[in-house]
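Structure first, then comments.
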Amino acid sequence: MATVDVLLGRKGDEVVSVGPDVSVLEAAGVMNLRRIGALLVVEGGQLAGIFTERDVLRRVVADGHDPATTRVGDVMTIEVVYCQPDTTLAEARSIFKRRRVRHLPVMDTDGHVRGIVSIGDVNAYDLEDRQVELTYLREYLFS
């Protein structure tokens, strides 16, 4: 069974992060520019939280806060759900469903961030594997 580490090997381990004092407006601009749905919030080299599209919707827009003056640190999710590199994709999928999250930071046993995976990354990995399998089956049947 494939692991999150294998997925990171395919997609890359780049992590986009901001500090807690960055404005929501600036953070949303980074997310739009990079075409991502979440940023890790890092302070003093340590993971302090995660800032997601859901945080923008629920804690900024719905509460009527000004994104230009609201700090990410005031509206980020502090209780970060994460996984480890040896987490299987099936286990990751279960975490996404059970915890109702769409992004999982990947942390090693020393507490260092190794990457981040989304439910979309897991689905894309599965789709690619199925397409490869289908190609092999077609070659076998029609060769």
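The values are calculated or read from the model by the stated rules, or taken from the named source; none is laboratory data. As the structure is a prediction and not an experimental result, all values here were calculated from the model. Here Cβ is always computed from backbone atoms with ideal geometry, including for glycine, and neighbour counts include all displayed protein chains. Keep in mind that these areas ignore ligands, DNA and RNA; they rest on the heavy atoms of the full protein, side chains included. Shrake-Rupley method; radii C 1.70, N 1.55, O 1.52, S 1.80 Å.
Worth pointing out:
- Maximal additional length on extending the Asp110-Arg54 stretch stands at 17.3 nm, based on 0.36 nm per residue less the C-alpha distance.
- GluC sites (Glu not before Pro) lying in DSSP loop within the stretch 63-143, provided at most 15 other Cβ fall within 10 Å: Glu79
- Viscosity 0.692 mPa s, temperature 37 °C, Stokes-Einstein D of the chain from Kirkwood C-alpha radius, µm²/s: 200
- A probe of 1.4 angstrom, applied to the heavy atoms of all protein chains, finds His112 with accessible area near 110 square angstrom.
- Accessible-area composition of the chain, carbon plus sulfur, in percent [1.4 Å probe]: 50
- Accessible area in the full protein assembly, largest first, 1.4 Å probe, for Arg59, Arg138: Arg138, Arg59
- Spin-label pair Asp5/Asp66, simplified geometry with 7 Å Cα→Cβ offset, distance in nm: 4.9
- Loop-located GluC sites (Glu not before Pro) in the stretch 1-55 (DSSP state other than H, G, I, E, B) with a sparse environment of at most 14 neighbouring Cβ atoms within 10 Å: Glu14.
- Glu91 paired with Gln46, simple spin-label distance in nm, labels 7 Å along Cα-to-beta-carbon: 2.5
- Potential lengthening of the chain between Ile78 and Phe142 amounts to 17.6 nm, from the contour at 0.36 nm per residue minus the alpha-carbon distance.
- Using a probe of 1.4 angstrom and keeping all protein chains present, the accessible surface of the chain works out to 63 square angstrom per residue.
- Per-residue ellipticity at 222 nm, computed for the chain from helices alone with -39500 (n - 2.57) per DSSP H run of at least four residues, works out to -12500 deg cm²/dmol.
- Restriction of the trypsin sites (Lys or Arg not before Pro) in the stretch 72-117 to DSSP coil positions whose beta-carbon has at most 16 other beta-carbons within 10 angstrom yields Arg100, Arg102.
- Here the stretch 61-138 is treated as a sphere whose radius is the Kirkwood value from Cα pairs; by Stokes-Einstein at 4 °C and 1.567 mPa s it diffuses with a coefficient of 86 µm²/s.
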